[in-house]
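The values are calculated or read from the model by the stated rules, or taken from the named source; none is laboratory data. Please read these numbers as outputs of a predicted model, since none were measured by experiment. Here the Cβ is made from the backbone with ideal geometry for all residues, glycine too, and neighbour counts use every protein chain on show. The protein model used for the area step is the full one, side chains on, heavy atoms only, and it has no ligands, DNA or RNA in it. Shrake-Rupley method; radii C 1.70, N 1.55, O 1.52, S 1.80 Å.
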Amino acid sequence: MRLAYSGAMHSDAALQADLFAPRDLPEPFTGWFASRGWEPRRHQLELLQYAQAGRSALLIAPTGGGKTLAGFLPALLELAAEKAQPKPPVRRGPHTLYISPLKALAVDVARNVEQPVSDMSLPIRVETRTGDTPQSKRTRQKHNSPDILMTTPEQISLLLANADAEHFFGGLRFVVLDELHALAPSKRGALLSLCLARLLKHAPGVVRIGLSATVAEPDRLRAWLMPQSDPDRPALAEYVEGDAGAEPLISILRSEERIPWSGHTTRYAMNDVYGVIRRHRMVLIFVNTRSQAEMTFQGLWSINDDNLPIALHHGSLDKGQRRKVEAAMAAGSLRAVVCTSTLDLGIDWGDVDLVITLGAPKGASRLMQRIGRANHRYDEPSEALLVPSNRFEVLECEAAREAAMGNHQDTSAPEEMKLDVLAQHILGMGCADPFSEDDLFAEITSAYAYRALSRQQFERALQFVATGGYALNTYDRYAKLRKGSDGLWRLAHPRFGQQYRLNVGTIVEAAMLKVRLVKRGRRGPLARGGKVLGEIEEAFIDQLVPGDTFLFAGQ
């Protein structure tokens with residue numbers, strides 16, 4: 001793949017001459033850095049200068065290197081300057097979008113950004129918008145948007161499908177994409193790539209900032225950030241690389257217990273893991289499945305003679321349960337949290353001094369992401385303990401440890417040409433406004449994931465959405481778009497817009513049932529009310545008969 005430079009708003013010579021020159025930040029930013037005993041890092045200033053020059057950029061820096069602050073610094077500086085004007089510009093929508101692959105990460109980053117905003121008394125509003133956000137708040141944000149909106153790819157798709165999306169995003173200045181290596185290689189990344197193309201239409205000058213710590217092929221992500229015009233010569237965003245941090249400390253558990261030949265429960269190591277928890281301030285214990293998380297949590301509590309505060313965190317738990325655990329972690333009141341991938345990206349809790357991975361970590365990059373949750377500081381080594389579930393995983397753990405110590409990344413390439421995602425996006429654009437197929441095709445092929453899309457493929461996807469394609473075109477319920485006499489495509493009926501909004505996204509979910517704690521009366525359990533613990537797959541419940549028990553939320 002040949003790579004081409006994308007062009008610039010400022011002359012290369014002028015920018016390069018100033019790129020590494022010392023630049024004092026204006027007050028109150030200089031004072032804020034000084035009050036914390038910090039100085040802006042080289043990669044933070046370099047990214048700031050690219051952003052202020054209108055250039056999109058990818059920043060790759062080790063965990064604890066201040067990537068989040070670097071990504072938001074251009075927006076905070078610009079917003080602070082705007083708010084200081086006698087007549088600040090009127091903006092209906094957000095000034096900056098922060099897009100995260102995880103709801104928990106969006107909430108945690110919002111908390112971290114609100115801290116400097118509060119410390120410097122900046123009149124800047126920061127809010128989150130995820131699937132956990134109440135509908136009333138999401139409705140209010142459409143009419144009174146915060147300055148910085150922390151959100152997810154699915155919420156961006158929903159906002160772009162509104163009729164007023166052009167006005168809402170017209171004043172957008174920055175898009176910050178966190179943990180880009182985790183977004184781009186999935187169907188969510190393909191959908192987000194299409195959303196970026198539409199955002200560029202609404203706000204042509206928007207600057208895209210990608211952040212990541214573990215990337216195998218940086219040039220692919222640099223191209224992913226940029227609008228494309230030639231599939232053989234991708235345009236590239238600027239590249240900023242942070243200095244190397246402290247080398248991590250990774251060890252493999254050597255238990256006196258017999259390691260089984262098979263199985264993935266890691267029950268043999270519970271006493272060892274509990275002993276490690278006792279010797280540390282706060283430990284994150286990563287497992288690969290929710291069922292393993294429940295069993296591990298139960299196993300630790302059964303031997304918790306010291307009554308240590310140990311919590312559980314996974315995606316099926318109720319939002320209130322998860323937020324309670326996250327708040328306790330932020331306050332430093334827990335000794336350990338058993339968790340799944342819900343906490344393995346970007347979460348910054350400084351009291352975590354050890355990460356334990358139960359079972360093989362399934363990749364060097366994934367291991368490095370999880371390790372980075374411990375000692376989330378640039379100049380301190382992160383410490384991790386790998387606990388193999390069986391004897392064969394001893395080899396996997398050793399291979400992952402050697403790869404991580406050698407900084408060998410194994411992240412996947414960005415996802416491309418997913419036609420089911422394309423069909424969903426076409427319908428979403430029909431929900432927003434009538435569109436010309438020529439204009440939409442040009443917009444879609446500017447997205448990196450669809451730069452090689454042929455006109456024939458596009459028209460087949462359009463016809464599938466419009467009529468159901470050759471297989472379903474006799475059924476009216478699949479005719480979701482129609483072409484008007486003006487040559488523009490629009491929704492055939494408003495109900496299709498409602499269906500789209502209820503089903504947007506690329507994460508295929510099973511039918512779920514709520515799990516409640518109900519009070520037992522004299523005539524048996526009460527059918528109504530009760531505290532919601534979370535949701536569980538209906539297929540799992542189908543296997544149970546009255547009288548069966550199962551573990552959920554540690555109960």
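When Lys514, Lys319, Lys480, Lys87 are compared by accessible surface with a 1.4 Å probe, the order from highest to lowest is Lys87, Lys514, Lys319, Lys480. Extension gain for Glu257 to Glu398 (0.36 nm times residue separation, less C-alpha to C-alpha distance): 48.9 nm. Rank Pro89, Pro309, Val504 by how far each Cα sits towards the positive end of the charge dipole of the chain (+1 on Lys, Arg Cβ; -1 on Asp, Glu Cβ) and give me just the farthest. Result: Val504, furthest along the dipole toward the positive end. When the residues Ser446, Ser485 are ordered by accessible surface, computed with a 1.4 Å probe over the protein chains alone, the sequence from largest down reads Ser485, Ser446.
Helical runs (DSSP H, four residues minimum) scored at -39500 (n - 2.57) apiece and divided by the length of the chain put the mean residue ellipticity at 222 nm at -11500 deg cm²/dmol. Straight-line reach from Lys531: taking Cα to Cα under 13 Å and skipping same-chain neighbours fewer than 8 places apart, the aspartates and glutamates in range are Asp318. Holding the Cα-Cα limit at 25 Å, pick out from Lys137/Lys514; Lys137/Lys324; Lys67/Lys103; Lys142/Lys514; Lys201/Lys418 the pairs that are longer than that. Over 25 Å apart, Cα to Cα: Lys142/Lys514. Taking the Cα centre of the chain as origin and assigning +1 to Lys and Arg Cβ atoms and -1 to Asp and Glu Cβ atoms, the resulting dipole is close to 2160 debye. Counting only residues at least eight positions apart within a chain, or on another chain, the lysines with an alpha carbon under 22 Å from that of Lys362 are Lys187. For the chain, the relative contact order works out to 16 percent when only alpha carbon pairs closer than 8 Å and six or more residues apart are counted.
Note on region 150-220 and region 315-339: Cα centroid distance 28 Å, given to the nearest whole angstrom. Each peptide in 290-298, 159-167 was scored by the mean count of other Cβ atoms within 10 Å over its residues; highest first, the order is 290-298, 159-167.
Under the convention that each Lys and Arg Cβ holds +1 and each Asp and Glu Cβ holds -1, the size of the dipole of region 400-555 around its Cα centre is about 1200 debye. Computed over region 250-317, relative contact order equals 31 percent, with contacts defined as Cα pairs under 8 Å that lie 6+ residues apart.
Here region 380-428 is treated as a Stokes sphere of Kirkwood radius computed over C-alpha pairs; at 4 °C and 1.567 mPa s its diffusion coefficient rounds to 89 µm²/s. Shown in residue order for region 200-217 are the 3J(HN,Hα) couplings computed by the Karplus curve 6.51 cos²θ - 1.76 cosθ + 1.60 at θ = phi - 60°: 5, 5, 6, 9, x, x, 5, 9, 9, 10, x, 10, 6, 10, 10, 9, 7, 10 Hz (x for Gly and Pro).
In region 287-421, taking the dipole from charged Cβ atoms about the Cα centre, the farthest positive-side position among Ser341, Leu358, Pro388 is held by Ser341.
For the chain, DSSP calls about 20 percent of its internal beta bridges antiparallel. Element breakdown for the chain at a 1.4 angstrom probe: carbon and sulfur atoms account for 50% of the accessible area. On the principal axes of its alpha carbon atoms, the chain extends 71, 66, 49 Å, with the longest extent given first.
The average projected area of region 43-184, computed from the convex hull of its Cα atoms over all directions, is 8.8 nm². The ratio of the alpha-carbon radius of gyration of region 103-178 to the globular-protein estimate 2.2 N^0.38 Å is 1.10.
Given +1 at the Cβ of Lys and Arg, -1 at the Cβ of Asp and Glu and no other charges, the dipole of region 72-214 around its Cα centre is 420 debye to the nearest 20.
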